[in-house]
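The values are calculated or read from the model by the stated rules, or taken from the named source; none is laboratory data. Since this is a predicted model, take the numbers as computed values, not measurements. Please note: Cβ atoms are built from the backbone with ideal geometry, for glycine as well, and neighbour counts cover all protein chains shown.
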Amino acid sequence: MSTSKIDGHQLELFAQDFFAALRPSDKPAPPSQPLFKAPPPAPRNLLPSPPVAAGEPPLKRIVLGAHHVDYALRRSSRRSIGFMIDDDGLRVTAPRRCTQVDIDNAIRAKQRWILTKLLERGERRARHQERPPVEWKDGARLPYLGGEITLRLEEAARSHCQFDAVGGELWIGVVPGLSEWQLKERVKLWFQAEARKLFKERLDLFAPQLNVSYREFSLSSAGTRWGSCTIEGNIRLNWRLIHYPASLVDYVVVHELAHLREMNHSPAFWATVAEVYPDYDGARLGLKKRSHEMPVLFAD
């Protein structure tokens, strides 16, 4: 076996390199890396879920792709499973004889359409929440029947609310210690009262034209579900429509009254709507456009 000899010069170079490696370097040390990387923030779930009122059954849940979808299930005498998606989420109406497995399979069969619509609605809701809220002070501009009215605040010993239709001003008497939420509640009650009067007037106008009669009507506070109608003839209308032009209010009223003849959205239903409101397509687009532009007044 052959061995190589290391002369003195090589040994000296080796020692210099060895001890140089032990000395602190003049170069800055690389930044230290954490032992464990924090997980990325979870993506915001944009899928809306229907609200559950007191006494209503809890929401159902199903996994569609990477999403958990909560939906409201309603049983009825209809023969097929129906789906409705609005800004409050997914609602499913199924025959009483259908099993939960049948319903879940039907939802999965329409998975792509359901997720697409829910994500669109969720993004719309997120944009709505990002809009700057109204500043509740004297001179604030509030949307009313497609235009604006001016909020006027005046000191008063007793709270009062009076609308000057000529000047387009809503006068609120502010008592000492009145908080902002109390002011907002007072204004909301006024809007709701105005909505109730207007809706009653328009329902009574259009019901005879469609040759239908409704049993009763009430106000709703849904996100942007504008109305609903039951087989029994009970109609619910979103009070926030009072912010929109009267022509769009009329469309929603006619839409719900037409359901008293056609409890669906078939061609026969739209033909019924067109008997009284021919430009229903324009009204649908108008509602969508206005809802994107509407300022935030009330959180609920």
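Residues that are within 16 Å of E120 (Cα to Cα), hydroxyl-bearing (S, T, Y) and either modelled with pLDDT of 90 or more or within 15 Å of the chain's Cα centre (by Cα) (or both): does the stretch 47-68 have at least one?
There is at least one residue in the stretch 47-68 that is within 16 Å of E120 (Cα to Cα), hydroxyl-bearing (S, T, Y) and either modelled with pLDDT of 90 or more or within 15 Å of the chain's Cα centre (by Cα) (or both).
If S80 meets every condition in (1) surrounded by fewer than 17 Cβ atoms within 10 Å (Cβ to Cβ); (2) in contact with a strand residue (DSSP E or B) (Cβ under 9 Å, 6 or more places away or on another chain); (3) assigned to a helix (DSSP H, G or I) apart from one, which number is that one?
Condition not satisfied by S80: (3).
Among the listed residues L260, L241, L248, identify the single one that is at pLDDT 90 or above, of a type outside the set (D, E), surrounded by 19 or more Cβ atoms within 10 Å (Cβ to Cβ) and in a loop (DSSP other than H, G, I, E, B). Before you say what the answer is, go through the steps one by one.
Numbers: L241 fails: in a loop (DSSP other than H, G, I, E, B); L248 fails: in a loop (DSSP other than H, G, I, E, B).
When all the criteria are applied, what remains is L260.
In the stretch 256-263, is there at least one residue being charged (D, E, K, R) and in contact with an Asp or Glu (Cβ under 9 Å, 6 or more places away or on another chain)?
No: the stretch 256-263 contains no residue that is charged (D, E, K, R) and in contact with an Asp or Glu (Cβ under 9 Å, 6 or more places away or on another chain).
Of all the residues that make up the stretch 171-188, how many are touching a residue at least 24 places away in the same chain (Cβ under 8 Å) and either under 23 Å from the mean Cα position of the chain (by Cα) or not in a helix (DSSP H, G or I) (or both)? Before you say what the answer is, go through the steps one by one.
Taking the stretch 171-188 as the starting set, the residues that turn out to be touching a residue at least 24 places away in the same chain (Cβ under 8 Å) are 180, 183-184, 186-188.
From what is left, the residues that are either under 23 Å from the mean Cα position of the chain (by Cα) or not in a helix (DSSP H, G or I) (or both) are 184, 187-188.
Count: 3.
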